[in-house]
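Beneath this line is the structure, given in structure tokens, with notes to follow.
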Ligand SMILES: [Fe+2]
């Protein structure tokens, strides 16, 4: 019994260390000055991400479940609370970048202190509830790992010096390229949602049946070249292509291209984690909002897939699509061109895929009791579901039932486009 418990603790500690170390690795090239920058209210300083993920373990696990736990600093409970109203007040998220104190060194000590607490708790009382919350905390930290990358990319883009997050590397401008084919799915009643084998967030539940009419879905993500054709055809200046909210927003913001694109004398460039690079026409278009994705799809005589159509398609793509995807561990932090000539590609990784589905509760959904109930459920309004993960998503974090969500105008995440169409007879269409 004792050996079993020791082995269980060891397994959990290995996973805990792996995830916590990944965060340290992502910020290791960033100095204290870099880690303080908050370039817009939606983004947070890297330093804040490191502290807030630590706060999560302290608040959800150590404080309520470890006897005699003494907080590292009682003020941090307020300072690093993101949005949990049941805990009381918290700082305005728009001014996180103004907190020069605690220093980066103090936050590093905070992490070490909480890590020691988790180790001690696991060694002496690893209850099922503790382990369940630990898994939640690790998945939470993985979400913030992706945000560390997208937020520092945005911060460096706003800096006139345009620093690189990673060392610059030559890139073959015309590399890759695969024709767009269509993958067909018959109408039917399909299962959607998580099957309860392994971890899932509450918003992936309950698993339920959903009726889907015949559809076809693009074999790969929409490319920069295809998106440029939309732009060259006056895409941003034709109101008939845009939803009303979208038109107002795009006109108001003066958008004429995806975020991070810039036109130069030598053609379009794109700011990346490796600095500014010439636009590769065969790479997936990225950093587009739902508004732009929807308008592009209309221009292309297509539409965005619903989240359920996407999930059905991902089920057919199989597990190998997950392990071979361009995810965080590939350390590209940038989408890659599709290369295969057939079959569903880029389902997992590269770029999150905007769906046509508003983020709402599944039938029978019930938020967890207590503090945890504020994690996902209260955001089910005015947001759109994205599926599939991106080049900044950890591999052990993504699955076919995973529901990401952002407001329709958001585009600083690695968000791209996959097209769908209503069912067409196979013998009338290509591939
Ligand atoms: Fe968080």
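Computed from the coordinates by the stated procedures, all read-outs in this text should not be read as laboratory data. Keep in mind the model is a prediction, meaning the values are calculated, not measured. Methodologically, a virtual Cβ is constructed for each residue, glycine included, from the backbone with ideal geometry; neighbour enumeration extends over all protein chains shown.
Taking only Cα atoms, what is the 0 to 90° angle, nearest 10, from helix 46-57's long axis to the longest principal axis of the chain? Rounded to the nearest ten degrees, it is 60.
Tell me, rounded to the nearest percent, the portion of alpha carbon pairs in region 185-254 spaced more than 14 Å apart. Mind showing how you got there, number by number?
Numbers: 1819 of 2415 pairs.
Here the long-distance tail beyond 14 Å is 75 percent of all Cα pairs in region 185-254.
Between residue 92 and residue 243, the contour length at 0.36 nm per residue exceeds the alpha carbon distance by 51.2 nm. Taking 7 Å steps out from each Cα toward its Cβ at residue 10 and residue 324 produces label points 3.5 nm apart. Between residue 74 and residue 360, the contour length at 0.36 nm per residue exceeds the alpha carbon distance by 99.4 nm. Helix 2-27 versus the longest principal axis of the chain: what angle, 0 to 90°, nearest 10, using Cα atoms? Rounded to the nearest ten degrees, it is 60.
Based only on Cα atoms, what Rg/Rh ratio does region 1-75 have, Rh being taken as Kirkwood's radius? Show your work: numbers first, answer last.
Numbers: Rg = 16.1 Å, Rh = 14.9 Å.
With Rg and the Kirkwood Rh in hand, the quotient comes to 1.08.
Each of the peptides 101-108, 42-49 was scored by the mean count of other Cβ atoms within 10 Å over its residues; in descending order, highest first, they stand as 42-49, 101-108. The equivalent ellipsoid that matches the C-alpha gyration tensor of region 242-356 spans semi-axes of 25, 21, 12 angstrom, in descending order. Packing-based ranking of 287-300, 78-91 yields 287-300, 78-91, ordered from highest to lowest mean Cβ neighbour count within 10 Å.
Taking label positions 7 Å along the Cα-Cβ direction at both residue 340 and residue 67, the computed distance is 5.4 nm, reported to one decimal. Compared with the dominant Cα axis of the chain, that is its longest principal axis, helix 290-299 is turned about 20°. DSSP assigns beta bridges within the chain; of those with both partners inside it, close to 90 percent run antiparallel.
Our estimate of slack between residue 159 and residue 21, defined as 0.36 nm per intervening residue step minus the Cα-Cα distance, is 46.9 nm.
Computed as a quarter of the hull surface, the mean projected area of the alpha carbon convex hull for region 2-158 stands at 9.0 nm².
The alpha carbon convex hull volume per residue for the chain rounds to 156 Å³.
Here the relative contact order of the chain, from alpha carbon pairs under 8 Å that lie six or more residues apart, stands at 18 percent.
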